[in-house]
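Here is the structure we will look at, set down as C-alpha cells.
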Amino acid sequence: MAGVGLFSFVTMDLQTLLVLLLLFLSAVLLVYRRGRRLNLPPGPRGLPIVGNLLSLRPSKLLSNMAAWRQQYGDVYSLRALNRVIVVLYGHKAIHDALVKQPEIFSDRPPLRLMKRDPGLVMAPYGERWAERRRFALAALRQFGMGRRSAEGRIQEEGTALCSAIRSLDGAPTDISHLLGNAVSNIICSMSFGNRFEYDDEEFKRLSYAFSCLVGPNNRTMFALFRQIVMPYVRKLPMMANYREHGIKMSDYIIDFIMKSAEEHKATYDKSDIRDIIDVFLSEGSSEKSNGMNEEALGTIIRDLFIAGSETTATTLKWGLLYTALNPEVQTKVQEEINREFGSEAPPWSERGRLPYTEATIMEIQRVRPIVPLNVPHGTTCATTLYGYDIPAGTYIIPSLWSAMMDPEVTPEPETFRPERFLDDEGKVVKPEWFLPFSTGRRRCLGEQLAKMELFLFYTSLLQHFTFSLPDGAPAPPMDGSLGFVLAPTPYDVCAVPRHNP
Ligand code: HEM
C-alpha cells in the first residue's frame with residue numbers, strides 16, 4: 001500500500017510538473033509571438049525560453065549593456081523568460097522617455113516582496129504614490145530651517161563621525177560602517193527626533209535590519225531584480241528564504257516606527273514639530289486620504305532609510321577611495337577649504353565659495369553612479385519610443401551609468417577629473433547628462449538632502465583628515481560589486497589627522 005501511495009504521489013507530482021511546464025511554455029510562446037507581432041526595440045537574441053537571462057549576471061551586466069548599445073542603439077530590448085525589458089541608454093533616451101512621456105514611464109514594475117503596504121519607492125504611479133511623495137517632500141522640507149535644521153543635524157553628526165575616526169589614530173581601517181552609521185543617524189534624527197550613539201543596542205538592531213535589506217554584502221536587490229524579471233523564481237527555496245528574511249527585517253523596521261509614532265502621541269506639541277512623525281501627527285491621521293495611515297507612515301519612513309542611507313554612505317565610500325587614490329585632487333580640495341574657511345566649518349549656503357570641492361563631489365557621483373541601472377521603471381500603458389512599440393507594463397531600465405559613463409559624452413570616463421565640471425573661469429557647470437539622481441517625476445526625492453549631506457560630510461572629513469591607502473597596499477578592484485547599490489570592494493584607509501587645517 002505504502003508503495004502504491006508513494007507511486008501515486010510521484011505520478012501526481014509528475015502530472016503537476018507536466019501541466020506547469022506546458023503552461024509555462026505556452027506563456028513563453030505567447031509572449032514570443034506577441035513580441036513578433038509588435039515592433040519591439042531590437043536586442044540580442046538570447047537562448048530559447050530563458051532569453052538573455054544568463055547575460056544579466058551582475059558582474060558582467062554593465063559591460064554587456066554597453067556592448068549591446070553599440071549594436072542596437074540607444075533603446076534596445078532584452079528578454080528574460082516571459083518578460084520584456086527595455087533599456088534606455090544615454091541621457092537623451094532617458095530624457096525622451098521619463099521627461100517627455102512622464103504619464104507613461106513613471107510606473108514601477110510590480111514587486112511582490114513585501115506583504116504590507118508598498119510604501120513609496122516601489123509604489124505604482126498614481127494618486128496614492130503622489131500623496132506619499134507630497135507628504136515625504138513636505139516633511140523633509142520642514143527641516144530645512146530653524147534650530148534643528150537638517151544642516152545642524154548633519155554638522156552634529158559630522159563631529160561625531162570625525163571623533164570616531166580620530167580615535168583610530170590613523171591606523172589602516174575599513175571605515176565604511178562608521179560612514180553608514182553617520183548617514184543612517186541623519187534619517188533617525190529627522191524621523192524620530194534624535195540621533196543614536198553608534199554602540200546603542202537599538203541602533204545596532206535597526207542598522208542590522210537595514211543592512212539585510214540594502215547592505216553592501218547583500219544581494220537581496222539583485223534577487224529582487226530577478227524576481228521582477230522572472231516571477232517563477234520566487235517559488236524556489238533559496239529565493240523564498242531571501243524574501244522571508246527581507247519581509248521579517250522590513251516588518252521589524254515598520255513596527256519600530258509605528259511604536260515610535262505611538263510614543264510621539266504622548267508628547268506631541270503642535271507648536272514644536274520635532275520630526276517627520278510629528279509632521280504626520282500634525283496632519284491629523286484620521287482625516288488622511290489615499291491610505292495614509294500609521295502603517296503607511298512606517299513604510300514611507302522605511303523607504304526614506306532604504307533610499308537615503310546606503311546610497312549616500314556608498315557615495316562617501318567611493319569618494320574617500322577616489323580621494324585617497326588621487327592625492328593631488330585631495331590637496332586642492334584641502335587648500336580650497338583652508339583658503340576660504342580656515343578651520344571654520346563651511347556652511348551649505350556658502351558652498352559657492354568652494355567650486356573645486358563641489359566639482360570633486362560631482363565627479364565622485366559621475367565616476368561611480370551608485371544606482372547604475374536606476375530604480376526600475378514600468379509603463380502605465382502602451383506607447384512608442386523612437387518608432388518602436390513599448391507595451392503596457394514593460395520593465396524599463398533607464399541606465400544612469402550609460403548617461404554619465406558614455407565615452408562620447410565624458411571622454412576617458414574612467415579617469416577621475418573634477419575639472420570636467422568647471423568652466424574656463426573655474427565656475428561649476430552642470431551638464432544635462434549629469435543624472436545621479438535620475439530625472440522626471442520619480443527623480444530622487446531626497447536629492448537636496450543628499451547633496452547637503454555629501455557636501456557637509458566630505459568637507460568636514462577633508463578638513464580634519466588626510467586619507468591614503470595603507471603603505472604598499474594595492475588599490476582594490478575598482479569595478480565594485482552590484483547589489484542594491486554599486487558598492488566599492490571593502491578597503492582599508494588611513495585617516496591621518498591634520499593638525500593645522
Ligand atoms: C547620494 C545619494 C542618493 C542618490 C544617488 C539617490 C538616487 C536615487 C535614484 C537614482 C532614484 C530613482 C529615481 C527614478 O526612479 O527615476 C531615487 C529615488 C528615491 N530617492 Fe534617492 N538617492 C540618494 C539619496 C536619497 C536620500 C537622502 C533620500 C531621502 C532621505 C532619498 C529618497 C528617495 C526616494 C523616496 C526615492 C523614490 C522616489 C519615487 O519613487 O517617487 N534618496 N534616488
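The values are calculated or read from the model by the stated rules, or taken from the named source; none is laboratory data. Every value quoted in this text rests on a predicted model; they were computed, and no experiment measured them. In this analysis, Cβ positions are derived from the backbone assuming ideal geometry, glycine residues included, and neighbour counts consider all displayed protein chains. When the accessible area is computed, the model is the full protein with side chains, heavy atoms only, and any ligands, DNA or RNA have been set aside. Shrake-Rupley method; radii C 1.70, N 1.55, O 1.52, S 1.80 Å.
Checked against (1) touching a strand residue (DSSP E or B) at 6+ places or on another chain (Cβ under 7 Å); (2) assigned to a loop (DSSP other than H, G, I, E, B); (3) not β-branched (V, I, T), C494 passes all but a single condition, namely (2). Pairing residues of region 334-345 that are closer than 16 Å to P497 by Cβ with residues that are not in a helix (DSSP H, G or I), at Cβ distances under 6 Å and at least 6 apart in sequence or on separate chains, gives S343/P501.
Determine whether region 451-462 contains at least one residue that is of a type in the set (S, T, Y), over 17 Å from the mean Cα position of the chain (by Cα), away from the ligand (no atom under 16 Å from the Cβ) and over 23 Å from T311 (Cα atoms). No, region 451-462 contains no residue that is of a type in the set (S, T, Y), over 17 Å from the mean Cα position of the chain (by Cα), away from the ligand (no atom under 16 Å from the Cβ) and over 23 Å from T311 (Cα atoms).
For region 331-350, the criterion of being within 14 Å of the ligand (Cβ to nearest atom), open to solvent by less than 10 Å² (accessible area, probe 1.4 Å) and modelled with pLDDT of 95 or more is met by none of the residues. Determine whether region 255-262 contains at least one residue that is closer than 15 Å to N185 by Cβ, crowded, with 22+ Cβ neighbours inside 10 Å, modelled with pLDDT of 60 or more and within 16 Å of the ligand (Cβ to nearest atom). There is no residue in region 255-262 that is closer than 15 Å to N185 by Cβ, crowded, with 22+ Cβ neighbours inside 10 Å, modelled with pLDDT of 60 or more and within 16 Å of the ligand (Cβ to nearest atom). When region 463-493 is filtered for residues that are closer than 30 Å to P102 by Cβ and either within 11 Å of the ligand (Cβ to nearest atom) or modelled with pLDDT of 95 or more (or both), the ones remaining, listed by number, are V485, L486.
Quick grid of which residues meet (1) of a type in the set (D, E, K, R); (2) in a helix (DSSP H, G or I); (3) under 22 Å from the mean Cα position of the chain (by Cα):
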site	(1), (2), (3)
L78	no, no, no
V86	no, no, yes
K92	yes, yes, yes
A97	no, yes, yes
E103	yes, yes, no
P110	no, no, yes
P118	no, no, yes
A123	no, no, yes
E131	yes, yes, yes
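Answer yes if at least one residue in region 161-178 is at pLDDT below 95 and within 16 Å of the ligand (Cβ to nearest atom), and no otherwise. Looking through region 161-178, at least one residue is at pLDDT below 95 and within 16 Å of the ligand (Cβ to nearest atom). When A150 is tested against the conditions (1) touching a Phe, Trp or Tyr at 6+ places or on another chain (Cβ under 7 Å); (2) at pLDDT below 95; (3) more than 15 Å from the ligand (Cβ to nearest atom), the lone failure is (3).
Within region 438-450, restricting attention to residues that are within 6 Å of the ligand (Cβ to nearest atom) and farther than 22 Å from G378 by Cβ, the residue that is most open to solvent (accessible area, probe 1.4 Å) is L449.
Among the residues of region 270-284, what is the count of those that are over 16 Å from N194 (Cα atoms) and either open to solvent by less than 20 Å² (accessible area, probe 1.4 Å) or without any contact (Cβ under 8 Å) to a residue 12 or more places away in the chain (or both)? Steps first, please.
Filtering region 270-284 down to residues over 16 Å from N194 (Cα atoms) leaves 270-271, 280-284.
With the extra rule that they be either open to solvent by less than 20 Å² (accessible area, probe 1.4 Å) or without any contact (Cβ under 8 Å) to a residue 12 or more places away in the chain (or both), the set shrinks to 271, 280, 284.
Number of matching residues: 3.
Exactly one residue out of T357, T383, T379 is open to solvent by less than 10 Å² (accessible area, probe 1.4 Å), among the hydroxyl-bearing types (S, T, Y) and closer than 23 Å to R441 by Cα: that is T379.
Screening region 78-137 for residues that are among the small types (G, A, S) and within 30 Å of V409 (Cβ to Cβ) and picking the one that is modelled with the lowest pLDDT gives A80.
Considered as a group, the residues in region 179-205 that are surrounded by 20 or more Cβ atoms within 10 Å (Cβ to Cβ) and without any contact (Cβ under 8 Å) to a residue 60 or more places away in the chain include one that is nearest to E310 (Cα to Cα), and that residue is N181. The residues of region 1-56 that are surrounded by 10 or more Cβ atoms within 10 Å (Cβ to Cβ), in a loop (DSSP other than H, G, I, E, B) and at pLDDT below 80, listed by number, are I49, V50.
If you go through region 390-419 and keep only what is part of a loop (DSSP other than H, G, I, E, B), under 20 Å from Y322 (Cα atoms) and not acidic (D, E), you end up with M405, P407, T410, P411, P413, T415, F416, R417.
I'm trying to understand the selection: among the residues of region 155-178, which are closer than 17 Å to R274 by Cβ and crowded, with 16+ Cβ neighbours inside 10 Å? Spell out the reasoning first.
Our first condition is that a residue be closer than 17 Å to R274 by Cβ; within region 155-178, this holds for 156-157.
The answer is E157, and nothing else.
Can you find, within region 293-328, the residue that is nearest to the chain's Cα centre (by Cα) among those that are among the acidic types (D, E) and more than 10 Å from the ligand (Cβ to nearest atom)?
First pass over region 293-328, keeping only residues among the acidic types (D, E): 294-295, 303, 310, 328.
So of that shortlist, the ones also more than 10 Å from the ligand (Cβ to nearest atom) come out as 294-295, 328.
Numbers: E294: 24, E295: 23, E328: 30 Å.
Among them, the one singled out is E295.
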